[in-house]
1. Of the conditions (1) in a helix (DSSP H, G or I); (2) more than 27 Å from Cys161 (Cα to Cα); (3) free of Cβ contacts under 8 Å to residues at least 12 places away in the same chain; (4) not polar (S, T, N, Q), Arg134 clears all except one; give me its number.
2. Name the single residue, out of those in the range 148-202 being farther than 22 Å from Pro65 by Cβ, touching a helix residue (DSSP H, G or I) at 6+ places or on another chain (Cβ under 7 Å) and not in a strand (DSSP E or B), that is modelled with the lowest pLDDT.
3. Pairs please, first residue from the range 34-60 and closer than 21 Å to Tyr179 by Cβ and polar (S, T, N, Q), second anywhere and modelled with pLDDT of 90 or more and buried (at least 20 other Cβ atoms within 10 Å of the Cβ), Cβ atoms under 6 Å, 6+ apart in sequence or on different chains.
4. I'm told Leu81 meets every condition in (1) at pLDDT 90 or above; (2) farther than 29 Å from Arg183 by Cα except one. Can you identify the failing condition by its number?
5. Given Glu127, Glu150, which one is among the acidic types (Asp, Glu) and without any contact (Cβ under 8 Å) to a residue 60 or more places away in the chain?
6. So which residues in the range 47-72 are over 12 Å from the mean Cα position of the chain (by Cα) and either within 24 Å of Tyr155 (Cα to Cα) or at pLDDT below 90 (or both), if there are any at all?
Amino acid sequence: MAPADLNPLHGLLSGMEVEPGVGAALERLPDVTSVDTMLCGATASGRSSLALHFALHHAATANRPVMFLCRQDGLEGSMPLLPRLCASDNPCLHLLQLKYVRSYLDIQRFAACMHLLQTPLAALVVEDLSSLLRIDDRNTLVRTLAMLLEGVRSYRAASGCECPLLVTDSTDESRRPRYIFDRWFPLTLAISAAAGPSGRAT
């Protein structure tokens, strides 16, 4: 098995064409290694597209499936953009395994059974955690994160796969329980929507 790329920035930015100045700034960032990453970003921040780029990057690197958990209505209501130069017939798209979930209970059930999975996953993505539970219900949030992280670690131990985990969240900054995310994830990234010439987020 090919080793996983444990710098989450590589996966998140793999499908983008960045401006020279931005690229130079990214090169100056220290090398980051994390198998468990939280990505926070509001609507129109590009969060969902970055999550898809992360998934496809790991699928292409390892040539193994990636599990992508999300709400069906959320995905269909705001389709993420494919990575740059990725055609609709790209074979890596067949390695993307979508699993639709309706609530945090589906996440907890999946996490509890992860160690039974026979498929060697290249990565696991949970898209928009706050759409699956009330983010102000801190007990449910902590329980769900604890079960998810424990499930992933059990799967890694049973399968021998590094299986990087990316969880995204769309809660607005004033209500985001960052101290909880920082407790469970060694790396938390926050992005915001960029204002275009019209002043609208792009």
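1. Arg134 satisfies every listed condition except (1).
2. So in the range 148-202, the residues farther than 22 Å from Pro65 by Cβ come out as 169-202.
Pick out the ones that are also touching a helix residue (DSSP H, G or I) at 6+ places or on another chain (Cβ under 7 Å) and you get 169-171, 177, 180, 184, 187-188, 191.
Those left that are additionally not in a strand (DSSP E or B): 170-171, 177, 180, 184.
On the way: Ser170: 84, Thr171: 71, Pro177: 68, Ile180: 85, Trp184: 90.
Going through the qualifying residues, I end up with Pro177.
3. If the second residue must be modelled with pLDDT of 90 or more and buried (at least 20 other Cβ atoms within 10 Å of the Cβ), the pairs left are Thr37/Leu166.
4. Condition not satisfied by Leu81: (1).
5. Details: Glu127 fails: without any contact (Cβ under 8 Å) to a residue 60 or more places away in the chain.
Exactly one of Glu127, Glu150 is among the acidic types (Asp, Glu) and without any contact (Cβ under 8 Å) to a residue 60 or more places away in the chain, namely Glu150.
6. Ala59, Ala60, Thr61, Ala62, Asn63, Arg64, Pro65, Arg71
The values are calculated or read from the model by the stated rules, or taken from the named source; none is laboratory data. The model shown is predicted, which means the values in this text are computed figures rather than measured ones. Note that each Cβ is placed from the backbone with ideal geometry, even for glycine, and that neighbours are counted across all protein chains shown.
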